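*Asks:* I have a structure I would like to understand better, so I am pasting it below and will then ask my questions one at a time.
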């Protein structure tokens, strides 16, 4: 049976669209107060108004998590204005596919900055608060959920740096899980397959269509499907940790 999240606070990064937006909405429905962080403040404000219109509590935080100061400030605002931090969902990410030969170096740097450094900056700032929440009511438990990808398990030609970033997220998550297990901070990895989000829109012209050919003939997942997996992870009883969830469309072979 799923537990409610009443009395808890969650911070979701990359919450202005896609998986992050759907996750914030669902965690609020389960009773959590939600801080929603991203760069597009107008979208965050609309989502916060929607959540509050349904009786929830939401805090919109404009932040670029690749900036360590802004990432830390997002965590501190969450704790200061909402009172605590029980759940961090590191969702912000970018997928810039394409051959390594002649790739713009800026794309590689951007993927590492968002997918790796942004996740590290948020985690670093959040850990003391998650550890504190794990010692307090109502749950005596905290959750750190890192969003990876099928690409964190299986390399493919044309996605080398994206693979690098997501394999790194997986390794970091497992190491941290072992370190924090006895302190009741659960570290979980969620690995989506093909999902209908804005992620592929960021791929440069000339590469985007080839990347989208991978999806042809596959009924893709909705962002809400991944949000549901995340909600499942963070609503398990205190005795139970879901360490890793791989979620593919039924028809996805890769």
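The values are calculated or read from the model by the stated rules, or taken from the named source; none is laboratory data. Because the structure is predicted, anything quoted here is derived from the model rather than measured. Virtual Cβ from ideal backbone geometry, glycine too; neighbours counted across all protein chains shown.
*Asks:* Among the residues that make up the range 31-53, is at least one of them under 28 Å from residue 239 (Cα atoms) and out of contact with any strand residue (DSSP E or B) (no Cβ under 9 Å at 6 or more places or on another chain)?
*Replies:* The answer is yes; a qualifying residue exists.
*Asks:* Being in contact with a helix residue (DSSP H, G or I) (Cβ under 8 Å, 6 or more places away or on another chain), surrounded by 15 or more Cβ atoms within 10 Å (Cβ to Cβ), in contact (Cβ under 8 Å) with a residue 40 or more places away in the chain and over 23 Å from residue 17 (Cβ atoms) narrows it down to one residue among 142, 126; which is it?
*Replies:* 142
*Asks:* Can you find, within the range 206-234, the residue that is modelled with the highest pLDDT among those that are touching a strand residue (DSSP E or B) at 6+ places or on another chain (Cβ under 9 Å) and assigned to a loop (DSSP other than H, G, I, E, B)?
*Replies:* 222
*Asks:* Of the numbered conditions (1) within 30 Å of residue 57 (Cβ to Cβ); (2) not in a strand (DSSP E or B), residue 103 fails exactly one; give the number of that condition.
*Replies:* (1)
*Asks:* What are the residue pairs meeting all of these: first residue in the range 173-188, first residue surrounded by 19 or more Cβ atoms within 10 Å (Cβ to Cβ), second residue in a helix (DSSP H, G or I), Cβ atoms under 7 Å, and 6 or more apart or on different chains?
*Replies:* Sorted first by the residue in the range 173-188, then by its partner, the pairs are 185/130; 185/131; 187/173; 187/176; 187/177; 187/180; 188/233.
*Asks:* Determine, yes or no, whether residue 72 is over 15 Å from the mean Cα position of the chain (by Cα), touching a residue at least 40 places away in the same chain (Cβ under 8 Å) and assigned to a helix (DSSP H, G or I).
*Replies:* For residue 72, the condition - over 15 Å from the mean Cα position of the chain (by Cα), touching a residue at least 40 places away in the same chain (Cβ under 8 Å) and assigned to a helix (DSSP H, G or I) - is met.
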